[in-house]
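The values are calculated or read from the model by the stated rules, or taken from the named source; none is laboratory data. Because the structure is a prediction, the values reported are computed rather than measured. Here the Cβ positions follow ideal geometry from the backbone for every residue, glycine too, while neighbour counts run over all protein chains shown. Heads up: the accessible areas ignore ligands, DNA and RNA and are worked out on the full protein's heavy atoms, side chains in. Shrake-Rupley method; radii C 1.70, N 1.55, O 1.52, S 1.80 Å.
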Amino acid sequence: MTAEATLTTDRLTLAPHGLADFVDLVAIWADPAVVRFLGGHPASEEETWARLQRYAGSWALLGYGFWAIRRRSDGQFLGSAGFLEARRTGVASFGGDPEIGWNLNTAAQGQGYAGEAVAAALGWGRGRFGRVVAMIHVDNMASAKLAARCGFGRFADARYKDEPMGLWEYRYPAG
């Protein structure tokens, strides 16, 4: 991975995931409060291992992916944010546009870290993408508010794995 793939903000460092992130990923994806709107069930180590491989593989295959979010002051793992090509079954195509996603551990929520990470990711995407989409569970008001604050607009409703979702989009300004 090139240094270009590492992002910094006032409080955060975002870097592509590596093997050293596995323990932190296991903890966050096993937390029922974190996964409530992200599939609804805690993930096993096996499922989390596959997720880590998807994160790394996305960078290798597509040139974009998810970043591990760490607090700059102490290096504490806070969560993940980034872009993916999920090829979701049963959801209308996003037209080849990347999907953005984010999650934070419960201790990091409500402190503005997610907004800071999403803004950094969107900044990285400027010049690379014309449009970015997000799929947010309709009951996930915190993520819907964050998406709206970051400039996303809701453009459709969908069902994914029998759960109601809002589809959101961010369009980069021309030029």
The stretch 35-57, residues that are in contact with a strand residue (DSSP E or B) (Cβ under 6 Å, 6 or more places away or on another chain) and part of a helix (DSSP H, G or I)
55
The stretch 77-96 - residue that is in contact (Cβ under 8 Å) with a residue 24 or more places away in the chain and either out of contact with any helix residue (DSSP H, G or I) (no Cβ under 9 Å at 6 or more places or on another chain) or in a loop (DSSP other than H, G, I, E, B) (or both) and, of those, farthest from residue 167 (Cα to Cα):
85
From the list 114, 107, 147, which one is open to solvent by 30 Å² or more (accessible area, probe 1.4 Å), of a type in the set (A, V, I, L, M) and in a helix (DSSP H, G or I)?
107
Can you tell me which condition residue 102 does not meet? The list is (1) out of contact with any Pro (no Cβ under 6 Å at 6 or more places or on another chain); (2) surrounded by fewer than 16 Cβ atoms within 10 Å (Cβ to Cβ), and all the others hold.
(2)
Among (1) open to solvent by 40 Å² or more (accessible area, probe 1.4 Å); (2) touching a Pro at 6+ places or on another chain (Cβ under 8 Å); (3) hydrophobic (A, V, I, L, M, F, W, C), the one test that residue 68 misses
(1)
Cβ-Cβ below 8 Å, separation at least six or inter-chain, first residue in the stretch 107-132 and aromatic (Phe, Trp, Tyr) and at pLDDT 95 or above, second surrounded by 13 or more Cβ atoms within 10 Å (Cβ to Cβ) and not in a strand (DSSP E or B): which pairs?
113/11; 129/97; 129/98; 129/172
